[in-house]
1. Could you tell me which of rounded, prolate or oblate describes segment 45-260, using a ≥ b ≥ c as the square roots of the eigenvalues of the alpha-carbon gyration tensor, with rounded for a/c under 1.5 and, failing that, prolate when a/b is larger than b/c and oblate otherwise?
2. For LYS144, list the lysines whose Cα falls under 28 Å from its own Cα; do not include residues on the same chain fewer than 8 positions away.
3. Once you sort the root eigenvalues of the Cα gyration tensor of segment 166-218 as a ≥ b ≥ c, which label holds: rounded (a/c under 1.5), prolate (a/b larger than b/c) or oblate (the other case)?
4. If one computes the Cα centroid of segment 236-253 and of segment 155-195, what distance in Å separates the two points?
5. Calculate, for GLU219 and LYS144, the FRET efficiency according to 1/(1 + (r/R0)^6) with r their C-beta to C-beta distance and R0 25 Å; round to the nearest 0.05.
6. Quick check: residue separation of ASP255 and ILE106 times 0.36 nm, minus the Cα distance between them. What number comes out in nm?
7. Quick one: work out the % antiparallel among DSSP beta bridges in segment 45-260, nearest 5.
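Nothing in this text is a laboratory measurement; each read-out follows from the coordinates by a stated rule. Keep in mind that what you see is a predicted model, and the values were worked out from it rather than measured. Ideal geometry is used to build each Cβ from the backbone, glycine not excepted, and the neighbour counts take in all protein chains shown.
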Amino acid sequence: MQLGALRRNLVCVFGGGGEYSPTDIHSHGGGAQLAALHTMVAYHIREYRPEDYETVRDLFATGMSEYVPTLCVHMLKQPWLILVLVCTFCLLLTSSKSLLLPILAITLLLAVGRQLLGYVWSMYIDQCLQEDLLDIQATYLADKGSCFWVAEADDCVVAIVGARPSEEHQDELMLKRMSVRKDYRGCGIAKALCRAVISFAREHEYRSVVLNTLMVQHEARAMYEGVGFHVYRHYVLPTIYGRLANCTISKYRYDIPSVD
Ligand SMILES: CC(C)(COP(=O)(O)OP(=O)(O)OC[C@H]1O[C@@H](n2cnc3c(N)ncnc32)[C@H](O)[C@@H]1OP(=O)(O)O)[C@@H](O)C(=O)NCCC(=O)NCCS
């Protein structure tokens, strides 16, 4: 993988195209310049084409499925779950007078919980794949107020993002389905895709770009904040499962400065 990364860096440094210009490289200066070169990758952003369909869906599903371990950790921090686990442990310990049974029971409970969470999360991913990602062309490219982009590197699609009018306010553009292939992260591709969405919003006279993140998407939130998005609303998903899991959604917004 290191060789692959090095090759990608060389492609960019020796003029393989991409989003960076020599000015970008020089602007880092000194030792930082070397660090910047390390994360260089030759990529370009273009509109979605029908032949990208499977890769786009796969990139989305893979990116989202990575969150299962983080979701498990989030669940294990919930006070009601800690209470259930501690009570179960104590009850089994007092009734069996052995450490083995409660330890086995808790391990089993955690394993079942992990599987259950994975199953629920995969259902959520499937649901997304059956919504806007089922017919990407019709959802994002039939109307001039919406669009879907991919980033290509090494002749492959390595990142995706979509944008369409928000259901709440038609003058807000909703950024959706951002995902970058794992081995191409940290190269600035997601930020570049965000900037593509912002430029599109500006060209189409939207007032702002909005998006939703979940409490476990720490990298994504840091990335959006780095681009200039700010949180304007936090809320817990108003369903039984949402409350049980303390599933918090943060809504982000980037205001497009008006020209007059
Ligand atoms: C979130 C995601 C899109 C970021 O893609 P990326 O190409 O690595 O992001 P970029 O290189 O453009 O931006 C890097 C910025 O992201 C943030 N970031 C990325 N990885 C991070 C990490 N592990 N820890 C903290 N911040 C991180 C930082 O702000 C970083 O900026 P910096 O380099 O100046 O510190 C990518 O991790 C991903 O696809 N995740 C899975 C899918 C997902 O969560 N999508 C978002 C749905 S809302």
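1. Here segment 45-260 falls in the prolate category.
2. LYS176, LYS191, LYS251
3. oblate
4. So the two Cα centres are separated by 22 Å.
5. Working: r = 32 Å, r/R0 = 1.27.
That pair, GLU219 with LYS144, gives E of 0.20.
6. Numbers: separation 149, 0.36 × 149 = 53.64 nm, distance 4.82 nm.
In short, 48.8 nm is gained.
7. So the antiparallel bridges in segment 45-260 amount to around 90 percent.
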